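**Student:** My structure is below; once you've seen it, I'll send some questions.
No lab work stands behind these numbers, since they all come straight from the coordinates. What you see is a predicted model, and the numbers here were worked out from it, not measured in a lab. No Cβ is skipped: glycine too gets one built from the backbone with ideal geometry, and neighbour counts run over all protein chains shown.
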Amino acid sequence: MAGYWVIRGSDIRDQAALHEYGRLWTGIAARFGAEIIAGKGIVDTREGPAYPRQLIIRFASFQQAVDCYEDPEYRQAMQLAHQAYDRELSILEG
């Protein structure tokens, strides 16, 4: 079964950190077969807190999604993401 990252985040507070995170993410995503399947368009929150940035990233399996998150290279890149904006991330099987 596929695995998904669901990321919800605040507005960007550090554009340079986000740019560097994106540069690093490109290589990491390629290694783990990650694909952004939603998050480049409008967000219309109907229930709960509104998050202006939301992404859904698909992996071939739940384990691949977990492995990517726990990858040492990703853990370093993730520090830039947290510098760029506040976020929540869940890993789902589906």
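**Student:** Applying the selection to the stretch 27-56, what residues are in contact with a helix residue (DSSP H, G or I) (Cβ under 6 Å, 6 or more places away or on another chain) and farther than 15 Å from Ala2 by Cα?
**Tutor:** Passing the criteria: only Ile28.
Residue-wise test of (1) surrounded by 11 or more Cβ atoms within 10 Å (Cβ to Cβ); (2) out of contact with any Lys or Arg (no Cβ under 9 Å at 6 or more places or on another chain).
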| residue | (1), (2) |
| --- | --- |
| Met1 | no, yes |
| Asp11 | no, no |
| Asp14 | yes, yes |
| Leu18 | yes, yes |
| Tyr21 | yes, yes |
| Trp25 | yes, yes |
| Ile36 | yes, no |
| Gly48 | no, yes |
